Structures are given as C-alpha cells and as structure tokens.
Amino acid sequence: MSVAPTRRSVLGTLRGTLSPVALVALAVVLVSALTSCSASDGNKRSGGVDLATLAASTTKAKLPRAPRDTAPLQATEGDVVHPRRTLPVHAEPGRGAFAKITPTQMGDTWLPVVGRRGEWTQVLLPSRPNGSTGWLRTAQLEERRTPYLVRVHVGSRRLDLLRDGDLVGTWSVAVGAPETPTPVGRTFLLGSIVDPEQRYSPLILPLGSHSDTLDSYGGGPGTVALHGWPDASVFGRAVSHGCVRVPAEALEQLRRVPLGTLVIVDQY
Amino acid sequence: MRTPAKAGVAGIAAAVAALVVTAAPTASGDHQSGSSAYGASVGGSPGQPAVESDGSTTQTGGGHVPAQLGPLVAGGVMDLSAGNDRATAKVTDLTLGSEAAKLPQQLRDGIAKLTQACTVVEQAGPADQVLEPLNEALNQVPAVGAVVDIPTTAAAAEFCTGLLDADIVSLAKIGTLQTECNDQTGTVTLTDVEVLGAPQPALLGEVAPETQLLPEQLAPVARITLNHQTVDGENLTVEGLRLEVGGKLVAVLASTTCGGPVQHVTEVKGAQAPQPKPKPKPAPVPVPVQASAPVTG
C-alpha cells in the first residue's frame with residue numbers, strides 16, 4: 001500500500017456546521033488544555049524549547065542565525081528527511097534552537113541531508129539567507145533517499161538531470177538576467193505546485209533559494225523556482241528574474257523528482 | 001523481511017487501571033511479524049495501556065483514558081489487540097473537552113465579557129454599540145480574536161443565540177475511535193461523532209489519512225489530526241487521533257504499529273563492529289498541490 005499521507009481536511013464539510021460559537025468553544029477548550037498540559041509535561045517533547053516563540057523556517061522567513069552551507073557545490077548520497085512533527089532547528093548539535101521546521105509547508109516538507117554528527121542531522125533550510133542550514137534530531141525524522149540530482153549551469157544555461165549519477169536528460173534553459181541572476185550554490189526542490197493564477201507553466205517547482213537582488217517579487221519573497229515557459233525562444237538566454245525556465249520535456253521529467261532533491265547551481 | 005517485534009513495553013501495564021492481558025496462539029504461518037497497540041500517550045510519554053506481540057500469539061488488553069489528560073479528554077474505555085502483523089486499538093465513549101474543565105482565569109474573564117456583550121445584542125442596540133464591544137470581547141478570549149469576526153448585527157444575534165445554547169467547554173463526543181494496522185495498511189474508523197451536541201455524519205466511518213479536524217485558522221493554537229500514519233523502516237504506525245497544542249504534541253489516542261516497534265540499538269560488550277546502516281527507502285514522488293506560488297519568474 002502507499003502510506004504516503006494524502007492530506008485531507010474535513011473543513012469543507014465542517015465549515016458548514018462549525019459556527020463562530022463552535023470556534024470559540026474549540027479555542028477555549030484547547031487553550032485550557034495547553035495551560036494544563038504545559039504546567040506538567042509540555043516542555044518535555046522539545047527539551048525545554050518553546051516552539052511557539054521560534055520562527056518557522058519557510059520560504060518567507062529570514063534566519064540570519066542559521067549556519068551557512070560549507071560545501072555549496074557538493075553532491076550527497078541523496079538522503080532526504082521529513083520532520084514528523086514541528087521540530088526545533090539548532091545551529092549546532094545540542095545548542096539552542098534558532099527556528100522551527102513544520103511537517104508541511106508546500107505539501108509535505110522534505111529537506112536534503114548535508115551533514116551528520118552523532119544523533120543529529122544537518123539539513124538545508126528553505127529560508128533566507130541562501131545556503132541556510134540547521135541541525136535536527138535524527139530520531140524525530142523520517143528518512144528516505146532520492147536517486148536524483150539536478151544541476152543548473154548558469155554559464156552554459158543548461159540543466160542536467162541525473163539519476164544514480166547517470167545523466168538522464170540535459171536541456172537548454174533560461175536563467176536569471178545579469179541584473180537578477182540565478183543564485184549559485186546548493187539548494188533543493190521545496191514544493192510541487194499548480195498555481196491557477198499563473199499561465200506560464202502548468203507546474204511550478206519552488207526551490208529553497210531566493211534572489212540575491214530582489215527582496216520580493218510578485219508578492220512573494222523572491223523564491224527561485226524551476227518552471228516551464230510558453231515562449232521557447234528564451235531557452236539558452238539569461239532573461240529571467242532568477243527562476244530557471246525549462247522546456248516542457250524537462251518539466252515532465254522534473255515533476256517525478258522527489259521533494260528534497262538537491263539542486264546544485266554553478267557558474268559553469 | 002519484516003522486523004520482528006521484541007518485548008519491550010515493560011512497566012506500562014502496571015500504571016493502567018483495569019488492564020487485562022491475555023494471550024492466544026495466532027494462526028500458523030511461515031512469516032511472523034510483531035505488532036503493538038496502545039490506548040493513549042500523554043506528551044510523548046509511553047502509551048498506556050499497551051499490548052505487544054512478537055507475532056506468535058495475540059495479546060489483548062484494555063483500560064481507561066489516563067487521568068493526566070485531565071480537562072481535555074474524559075471517559076473512554078480502551079480495547080487493545082496485537083498479533084501477527086495486525087493490531088487494533090479501540091476507544092469508546094470518549095469526550096473531548098470536559099464539562100469539569102477548570103478554565104484559566106483569563107479564559108473565564110474573556111467568556112464573562114463575551115456574555116456581557118451579548119446582553120447588549122439581545123437588547124437590539126444600535127450596530128455601533130453592538131459590534132464593537134462584541135468583537136472587542138472576542139479579542140479578549142485567547143486565540144479566538146484571530147479566527148472569529150462578527151461583521152453584522154444579524155451575525156451578532158446568531159452568534160449570541162448560539163453561545164447561550166451551547167456548552168462551550170464540552171467540545172465533542174466520539175462513540176468509537178478504532179485504529180487498525182494490518183501489514184502495511186492502516187485504517188481509522190469513527191462512530192457516533194458529535195460536536196457541541198450536533199451529529200457529524202461527515203466524520204462517520206473510515207477517515208482518510210491525515211484528516212485535519214480543526215479550522216486552518218486555529219493551527220497556531222492547535223491541530224487535531226485523525227489517522228496520522230508514519231513509516232519507520234518496516235514498521236507502519238497509525239495514530240487514531242493526534243493532538244498538538246501550540247506546536248507541542250499533547251496526546252495521541254488509539255495507536256497501532258505493525259511490523260514491530262522501532263528497534264533500539266543496544267551496546268553489547270565484545271560485540272562486532274556495527275552493521276552498516278541500511279539504505280533508506282526511496283523518497284516519494286511528489287503530488288502537486290494547488291496553491292499560489294509567486295516565484296521570481
């Protein structure tokens with residue numbers, strides 16, 4: 001069987017019956033529970049860390065205290081991890097937490113492993129600044145492995161897709177214009193999104209990285225993505241605002257690549 | 001090859017009232033895999049009552065909801081079973097949100113002001129004298145102002161009528177919450193669900209994995225997940241109801257694991273070098289979600 005959780009909400013059915021009074025009741029009971037539980041054992045789960053006070057590491061967050069990736073062009077074995085619940089993110093194993101990571105953000109959260117130390121796992125984070133990393137307790141993670149690796153060569157404006165180290169596809173792509181370059185370094189596939197408000201691509205694959213020259217774009221935080229483009233004349237050119245525009249054939253291959261897969265962007 | 005279960009839920013049974021454990025042989029088979037089940041876990045502590053089987057026999061047990069769950073969960077009779085790669089955990093007559101809850105002072109004050117504001121609404125005062133005090137009172141009930149807004153006098157009247165009719169500290173009743181795992185398949189089934197006294201037919205029968213019970217707006221306050229499934233190596237764990245409050249795990253009700261519990265590494269003197277870590281399972285193929293994605297284009 002497939003045990004990949006399919007997220008479903010009963011809100012569609014409950015919204016019709018959940019009156020404001022019901023919402024008040026829910027809040028009252030749950031706040032009451034929080035008060036009573038926190039007095040007894042609420043802190044045990046996170047080693048004394050109050051998760052409510054920590055910023056969530058999402059594509060919208062800025063985490064200046066996050067340690068930076070020290071090997072930004074290095075491939076890994078492909079290990080990816082999924083936090084089973086909201087977890088504190090630490091700057092070093094055993095040190096204080098500077099952020100938290102949630103099990104879902106753009107669908108389920110999957111992060112690439114870039115380091116191990118004892119019972120701790122270092123992952124790339126989807127927040128600014130680019131190359132942000134953090135340490136999580138391994139025991140609180142679901143571990144999987146992706147056979148894929150995506151390489152984007154800004155200089156030659158090509159994207160390579162590798163599986164188990166073998167090249168399965170290479171395409172001419174559009175990269176960031178000189179004034180809005182695609183940031184280089186190691187990032188990852190953060191989400192797989194169908195945006196009904198966008199017509200340029202049937203699928204958008206946001207990455208963990210952000211434009212270094214645009215603090216925001218189109219109402220978002222300047223998130224870089226892989227996506228299609230209706231005008232094939234852009235491929236092979238540096239014309240985007242930082243995203244990597246790929247041909248339809250490439251997008252079709254990339255849609256099957258697991259979230260958390262490394263995307264290594266270099267200058268070559 | 002599945003991971004066989006090892007005995008190791010020691011000390012749990014003794015803490016549970018009315019726990020009864022019996023054993024019966026399972027049907028014979030070439031491959032036996034363990035399983036386990038527990039009724040309730042509070043704040044990440046070991047579940048209780050609990051049963052565990054190495055697959056050779058079927059273990060059954062039962063008990064009551066732990067008293068530590070206090071104002072949140074009351075009542076509840078548990079029946080547990082664990083056998084050859086199959087386990088069930090059933091909780092009956094469960095009440096979420098107890099009438100006996102001792103509310104914090106801040107909540108009591110907030111509700112008192114809310115009730116006071118509603119008396120103005122009943123007197124059919126002018127809109128500006130009705131809505132502002134009412135919404136102000138809502139904002140003083142912790143976590144409520146962010147999710148409830150009363151925009152019109154008609155909505156105010158409806159809200160206040162509902163407030164007077166409902167017992168807002170008795171949240172929901174569940175006739176039966178049953179969790180089952182069978183090899184790598186997990187199901188959660190509900191019967192007789194009422195929220196604030198109103199039957200909820202949409203929540204009867206089998207519940208889809210990862211069903212969120214609470215409105216999204218309440219997520220910063222709490223999440224109640226029905227049928228939460230996780231895979232750890234060869235083991236599938238299915239949690240019937242999982243409650244997180246303020247980002248912290250508060251309780252899990254009716255949990256089953258098939259394939260045996262998570263193996264713990266034990267250091268043995270003179271042991272050989274540890275075996276290399278097994279290669280993780282393949283990562284899942286993503287399922288696109290519909291959302292707004294303002295990326296850099």
Restricting attention to the stretch A:201-215, the residues that are in contact (Cβ under 8 Å) with a residue 24 or more places away in the chain and facing chain B (nearest Cβ under 7 Å) number exactly 4
Kindly check whether there is at least one residue in the stretch A:65-78 that is more than 15 Å from the chain's Cα centre (by Cα), within 13 Å of another protein chain (Cβ to nearest Cβ), closer than 22 Å to B:V285 by Cα and among the β-branched types (V, I, T).
yes
Quick check on the stretch A:249-262. Is at least one of its residues acidic (D, E), assigned by TED's automatic domain parsing to the domain that holds A:S216 and free of Cβ contacts under 8 Å to residues at least 24 places away in the same chain?
yes
Does A:R163 meet the test of being modelled with pLDDT of 95 or more, among the charged types (D, E, K, R) and buried (at least 24 other Cβ atoms within 10 Å of the Cβ)?
no
Considering only residues that are surrounded by 19 or more Cβ atoms within 10 Å (Cβ to Cβ) and not aliphatic (A, V, I, L, M), look in the stretch A:77-87 and name the one that is farthest from B:P280 (Cα to Cα).
A:T86
Count of residues meeting criterion [surrounded by fewer than 19 Cβ atoms within 10 Å (Cβ to Cβ) and of a type in the set (K, R)] in the stretch A:127-155:
2
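For every residue, the table says whether it meets (1) at pLDDT 95 or above; (2) in contact with an Asp or Glu (Cβ under 9 Å, 6 or more places away or on another chain).
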{"position": "A:V152", "(1), (2)": "yes, yes"}
{"position": "A:D215", "(1), (2)": "no, no"}
{"position": "A:G220", "(1), (2)": "no, no"}
{"position": "A:P258", "(1), (2)": "yes, no"}
Mind checking which residues of the stretch A:197-218 are part of a loop (DSSP other than H, G, I, E, B) and closer than 24 Å to A:L124 by Cα?
A:L203, A:S211, A:D212, A:T213, A:L214, A:D215, A:S216
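Restricting attention to the stretch A:28-46, does a residue exist that is in a strand (DSSP E or B) and either more than 7 Å from every other protein chain (Cβ to nearest Cβ) or modelled with pLDDT under 90 (or both)?
Our first condition is that a residue be in a strand (DSSP E or B); within the stretch A:28-46, this holds for none.
Checked the stretch A:28-46: no residue is in a strand (DSSP E or B) and either more than 7 Å from every other protein chain (Cβ to nearest Cβ) or modelled with pLDDT under 90 (or both).
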Among (1) part of a loop (DSSP other than H, G, I, E, B); (2) within 12 Å of chain B (Cβ to nearest Cβ); (3) touching a residue at least 24 places away in the same chain (Cβ under 8 Å), A:S156 falls short only on (2)
Exclusive hit being at pLDDT 95 or above, basic (K, R) and surrounded by fewer than 24 Cβ atoms within 10 Å (Cβ to Cβ), set A:R186, A:R199, A:R158:
A:R158
For the stretch A:217-262, what are the residues that are in contact with a Ser or Thr (Cβ under 8 Å, 6 or more places away or on another chain) and hydrophobic (A, V, I, L, M, F, W, C)?
A:V224, A:A225, A:W229, A:V234, A:F235, A:C243, A:V244, A:L251, A:V257, A:L259, A:L262
Given (1) closer than 16 Å to A:S192 by Cβ; (2) assigned to a loop (DSSP other than H, G, I, E, B), A:Q253 misses just (2)
Of the residues in the stretch A:170-180, those that are within 25 Å of B:A283 (Cα to Cα) and surrounded by fewer than 16 Cβ atoms within 10 Å (Cβ to Cβ) number 1
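The values are calculated or read from the model by the stated rules, or taken from the named source; none is laboratory data. Remember, it's a predicted structure, so these values are computed and weren't measured experimentally. Positions of Cβ are backbone-derived with ideal geometry, glycine not excepted, and every protein chain shown enters the neighbour counts.
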